[in-house]
Amino acid sequence: MIPIKLPKEQKQEIVESVKEYFEMERSESIGDIAAEQLLDFMLKELAPYVYNKAIEEARQAVEQKLVSIEEELYSLKKPLR
C-alpha cells in the first residue's frame, strides 16, 4: 500500500493533538519528534484497515443505490396492453 502523505499543516496539527493527548490522558510530555514518529507508525499500521473499511462502506453504498435505481426504473415501466 502507498504510504499516506499528509500536508505539512495537517501533520503538524495532528502532532500537536498527539502531544496534548499524552499530556492530558497520560500526564506525560513528549516532543515533536516522538509525536511525529508515533503518528507515522499509527498511519502505517492503521491505514490498510481504515482504507479497507472505507472501500467496503463505499461498495455497500453503491450497491444500495443500484438497488434503488433498479426499483425506480422498474416503477417507470408502462404496462403492455
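The values are calculated or read from the model by the stated rules, or taken from the named source; none is laboratory data. Model, not experiment: these values are computed from the prediction. When we count neighbours, we look across all protein chains shown, and the Cβ atoms used for this are built from the backbone with ideal geometry, even at glycine. Heads up: the accessible areas ignore ligands, DNA and RNA and are worked out on the full protein's heavy atoms, side chains in. Shrake-Rupley method; radii C 1.70, N 1.55, O 1.52, S 1.80 Å.
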Inset, instruction - For a quick protection proxy, order the peptides 14-27, 59-72 by their average other-Cβ count within 10 Å, most packed first. - result: 14-27, 59-72
Inset, instruction - Could you state the angle between the C-alpha long axis of helix 32-76 and the longest principal axis of the C-alpha atoms of the chain, as a value from 0 to 90 degrees rounded to the nearest 10? - result: 10 degrees
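Computing the accessible area with a 1.4 Å probe over protein heavy atoms, can you report the carbon and sulfur percentage for the chain?
On the way: 4470 of 7650 Å².
It is 58 percent, rounded to a whole number.
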Inset, instruction - Divide by every residue of the chain the summed helix terms, -39500 (n - 2.57) for each DSSP H run of at least 4, and state the resulting mean residue ellipticity at 222 nm, rounded to the nearest 500 deg cm²/dmol. - result: -28500 deg cm²/dmol
Inset, instruction - Compute the Kirkwood hydrodynamic radius of region 1-46, taking the inverse of the mean of 1/r over all pairs of distinct Cα atoms, and give it in Å to one decimal. - result: 11.0 Å
Legend entry - Anchor Lys19: lysines whose Cα lies under 29 Å away (excluding residues fewer than 8 positions away in-chain): Lys5, Lys8, Lys11, Lys44, Lys53
Inset, instruction - Let me know the whole percent of all Cα-Cα pairs from the chain that are separated by more than 21 Å. - result: 55 percent
Inset, instruction - Using Cα positions and a limit of under 28 Å, work out the lysines in reach of Lys77, with same-chain residues fewer than 8 apart set aside. - result: Lys65
